[in-house]
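Down below is the structure, laid out as structure tokens.
The values are calculated or read from the model by the stated rules, or taken from the named source; none is laboratory data. Everything quoted here is computed from the prediction, not taken from an experiment. Ideal geometry is used to build each Cβ from the backbone, glycine not excepted, and the neighbour counts take in all protein chains shown. With ligands, DNA and RNA removed, areas are computed over all heavy atoms of the protein, side chains included. Shrake-Rupley method; radii C 1.70, N 1.55, O 1.52, S 1.80 Å.
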Amino acid sequence: MKLWGGRFSGGRDRKFEKFSESFSLDQRFIFYDLRVSLAYVKALGRAGVLKSGELRRLTQGLEALRKKIEGNPRWARGQASEDVHTWVEEQVEKLVGEVAGKLRTGRSRNDLVATEARLYVKDAAADLERVLVEMLKALVGQARRHSQAILPGYTHLQPAQPILFSHYLLAYFEMFSRDAARLEDCRKRADGLPMGTGALAGTAFPLDRNALARELGFARVARNSLDVTSDRDFVAELLFACALIMTHLSRWAEDLIIYSSPGFAYVELADAYSTGSSLMPQKKNPDSLELIRGRAATVLGKLTGVLALLKGLPLAYDRDLQEDKAALFSGVDTTRDALAIAARVAGTLRIRPDRMKAMTQQGFLTATDVADELVRRGTPFAEAHEQVGKLVRYCADCQRTFADLKPEEARAFIPAWDSKLQTVAVSPEHSVKQRNAIGGTAPRQVARQLARAERLVKDLQRKRPR
Ligand code: ARG
């Protein structure tokens, strides 16, 4: 079946038909197409465009088709059609005959596909939010279990200052909770109804679009027919949210790849999420994390693909827009799967506080604290910085840590060196405790962060139950 045969003579090139079809992909929209069509015929009925008998038969046909697919979800899979909209009309015609031809009165595949893609995006965003909550839960769970463990904090991947491991986990919690808010935002902006705008100029039939919006669960009616039939902002936005989630996951994966390497050994991946080598018997590789990092590249590609797709399109609808679906489905599926695995990896990670602690003894992570203590005693910070720097250099040259310094050695660089300074120099606990302003890594501050994070997870779970 073709929805546009009249103007043409002869057939299409079979190769071109295959090239242009989208049913193999957009059949994911079958239930949306049915839902939209059911609401649409109702609107046509209310507008007096369909007689009540016609409305009844079309409704029965659409309902019967829905039941048929629900009974056999794989039924459509191998079938061929130009797109999901053509296929549904074909099937309805088989069920109710010629009256099926009234289904597309005043509507176009352009407003149809724009409506269905928005319905999909709203559902997909909600779905992603649910999986994201799993990740948030795993992070707060680990933070709660290891709230006091101290991790060497890095900048430039060089040892910097001690931090609570829970503070580190909650940093990712912050990123992912912003992602959750972004998804919600995305959902809200996609929530304008395209149906009833026809191919580009609007519909010539007296449809009540507000009623149609209510029927289909849209928060509002899109105001401009040209815009709404050809705009795919909502696709780009969801893909951006996905790309950023993947970017966050990828950074986190990179951290853990490093932290799980034996040189660090701060964490150990559960066997279930690791793989071995076919050659080297001793290997335990963090493939789950590497794949997450790798798939971030895929999702980024989908986002740039869609932006490139849109940038040169003349208003209004162009067939190029059909390409958005492949990118959208792949971006959403990949992000959902990566998040689900990440949540499991995070939840089952073995934490090694002993290793973290041991590493904070090396690398002079308390150097700032020694300088700060001198500042408290009246030394200008620049002077304190210089003195501690020289002491570090001395230690590094003779391969010592602050812990194995004799007082007289230290005094050669820091004349005020005493037992208090010695304690400060070897105590990561003291270091973290000092950072007690809001947002700092002091246990008091992190406990507040953690409590807030747990509340947020509860709120999100209440909003989006599994
Ligand atoms: N399959 C198309 C898409 O995904 C919708 C059909 C609109 N086609 C058209 N020639 N106006 O965008």
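Points worth noting:
- The solvent-accessible area of Met175, taken with every protein chain present and a 1.4 Å probe, is close to 30 Å².
- 14 Å beta-carbon shell around Ala76, net charge (K/R +1, D/E -1): -1
- Span from the region 183-215 Cα centroid across to the region 118-163 one, whole angstrom: 37 Å
- Reduced Cα scattering model of region 269-395, Debye log10 I(q)/I(0), q = 0.18, 0.20, 0.23 Å⁻¹: -0.98, -1.10, -1.25
- Candidate lysines - alpha carbon under 17 Å from Lys188, same-chain residues fewer than 8 apart omitted: Lys122, Lys463
- Ellipticity estimate at 222 nm from DSSP helix runs (n ≥ 4, -39,500 (n - 2.57)) divided over the chain, nearest 500: -20500 deg cm²/dmol
- Note on Ile292: accessible area approximately 10 square angstrom, rounded to 10, probe 1.4 Å, nucleic acids and ligands left out.
- Heavy atoms of the protein chains alone define the surface here; on that basis the chain has 49 Å² accessible area per residue at 1.4 Å probe size.
- Taken about its Cα centre, region 167-287 carries a charge dipole of roughly 260 debye when the Cβ of each Lys and Arg holds +1 and the Cβ of each Asp and Glu holds -1.
- Cα point-scatterer Debye curve for region 190-238, base-10 log of I(q)/I(0) at q = 0.14, 0.19, 0.30 Å⁻¹: -0.33, -0.59, -1.17
- Kirkwood's formula applied to the C-alpha pairs of the chain gives a hydrodynamic radius of 26.4 angstrom.
- Within the chain, helices built from complete DSSP H runs that reach 20 Å or longer along their own axis (Cα positions) and carry a mean Kyte-Doolittle hydropathy of 0.5 or higher are 30-46, 233-260, 287-311.
- Relative contact order for the chain, counting Cα pairs under 8 Å that sit 6 or more residues apart, in percent: 17 percent
- Stokes-Einstein D in µm²/s, Kirkwood radius over Cα pairs - region 358-466 at 4 °C with 1.567 mPa s viscosity: 82 µm²/s
- Subset of Lys15/Lys67; Lys15/Lys325; Lys42/Lys302 violating a 29 Å alpha-carbon distance limit: Lys15/Lys67; Lys42/Lys302
- The value of relative contact order for region 192-287, using C-alpha pairs under 8 Å at least six residues apart, is 18 percent.
- Annotation for region 232-316: trypsin sites (Lys or Arg not before Pro) lying in DSSP loop with at most 16 further Cβ atoms inside 10 Å of their Cβ are Lys283, Lys284.
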